[in-house]
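Input: a single structure, listed below in structure tokens.
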Amino acid sequence: MDEIKKFILKYFGTPKRLFVLGLVMTIPFLLLVWISFYDWGFVGTLDKRIGAEFYNERESLLDTFFIFITRLGDGSFIALLTVVVSGYAGFFKKNKQIAWWYLLTVSIGAGVLNQAMKFIFQRERPTSFDALIEQGGYSFPSGHAMGSMIAYGALLFLVIRTYSKWKVILPAILIIIPLIALIGMSRIYLGVHYPSDIIGGYSLGLAVLAFSLGIYSLSLTKKEIKNPIETKK
């Protein structure tokens, strides 16, 4: 696990490489933005076909499962998670810098930026199938996909950078990565988002997370880069 941690820090832990990663991650989002100017075209047709495959699998047990999963990406739950993680880092680990970083990254990225993008593109939500939950607002990019990628992704990055034991990192990876994926899937299954909304949300979310980590890393010493929470007690 130490070798994996060193590999991640070496190739993804420096400001320069994080900024490059952020630029690369914007590509899918920018492609979808470009396509949106042509009224979605082929992608819109593909969205409906993929969505239909999800809708055809609907049954009561899956309905309950995906409704539960999607709640873990709700704005209220992400806000609670943000307060808990920030509070833990700031009050228990005495690292106000990382606490503010997490709080601002999630609040601005998953909140302000996502709503700004929705207002700019104003894509209507799917209407071909009945939605299983009520959901207002616009569709692109998905707030649940973007918010979960930023909030849970940032949490996972902190876990990997802070700990070296398998018993901490491995469960975090096995829980958080599938959870992020399932939250996106749940939005399609429930009929409140197109697949391209989810891709756009993930893409922009990863870009925001990478840029934010790059900016934060600029202020760290070499010791703090190795252990962002534990070095400030």
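The values are calculated or read from the model by the stated rules, or taken from the named source; none is laboratory data. Bear in mind the structure is a predicted one, so any value in this text is a computation, not a measurement. Glycine also receives a Cβ, built like all others from the backbone with ideal geometry; neighbour counts cover every protein chain displayed. With ligands, DNA and RNA removed, areas are computed over all heavy atoms of the protein, side chains included. Shrake-Rupley method; radii C 1.70, N 1.55, O 1.52, S 1.80 Å.
Just want the answer: with Cβ charges of +1 for Lys and Arg and -1 for Asp and Glu, which residue in L170, S219, A89 is farthest toward the dipole's positive end in the chain?
S219
Top to bottom by accessible area (1.4 Å), largest first, where do I198, I120 land?
These residues rank, largest area first, as I120, I198.
Where in the chain lies the longest segment free of GluC sites (Glu not before Pro) that are both loop residues by DSSP (not H, G, I, E, B) and have at most 15 other Cβ atoms within 10 Å? Please report the intermediate quantities before stating the final value.
On the way: sites that count: E57, E59, E124, E134, E230.
Excluding the exposed sites themselves, the longest stretch runs over 135-229.
Which FRET efficiency value, to the nearest 0.05, do you get for E57 and F92 by plugging their Cβ-Cβ distance into 1/(1 + (r/R0)^6) with R0 = 35 Å?
Step by step, r from the Cβ atoms, then E = 0.25.
Going through the DSSP H helices of the chain, which span 20 Å or more along their own axis at the Cα atoms while scoring at least -0.5 as a mean Kyte-Doolittle hydropathy?
Details: long enough: 15-36 (32 Å, 1.70); 41-55 (21 Å, 0.09); 143-162 (28 Å, 1.24); 166-189 (33 Å, 1.91); 195-217 (33 Å, 1.17).
Result, helices passing both filters: 15-36, 41-55, 143-162, 166-189, 195-217.
Students sometimes get this wrong: rank S128, S196, S164 by accessible area, probe 1.4 Å, all chains present, largest first.
Reading off the accessible areas and sorting them downward yields S128, S164, S196.
How much of the accessible area of segment 117-177, in percent, comes from carbon and sulfur atoms when a 1.4 Å probe is used? Mind dumping the intermediate values first?
Details: 1890 of 2960 Å².
Here carbon and sulfur together make up 64 percent of the probe-accessible area.
Please get the size of the charge dipole for the chain, origin at its Cα centre, with Cβ charges of +1 on Lys and Arg and -1 on Asp and Glu, quoted in debye to the nearest 20. All intermediate terms of the calculation are to be shown ahead of the outcome.
Values: 24 positive and 15 negative charges, 317 e Å.
It works out to roughly 1520 debye.
Please calculate how many Å² of accessible area the chain carries per residue, with a 1.4 Å probe and no DNA, RNA or ligand atoms counted.
In whole numbers, the chain has 53 Å² accessible per residue.
Can you pull the Rg over Rh of the chain, Cα-only, Kirkwood?
Using Cα coordinates only, the ratio equals 0.99.
Pick out, in residue order, every one of the trypsin sites (Lys or Arg not before Pro) in segment 87-118 that is DSSP loop and has at most 15 other C-beta atoms within 10 Å; say none if there are none.
When the trypsin sites (Lys or Arg not before Pro) of segment 87-118 are filtered for loop state and at most 15 Cβ neighbours within 10 Å, K94 remain.
If you take the Cα atoms of segment 74-139, find Rg, then find the Kirkwood Rh from the mean of 1/r over all pairs, what is Rg/Rh?
Rg/Rh for segment 74-139 comes to 1.16.
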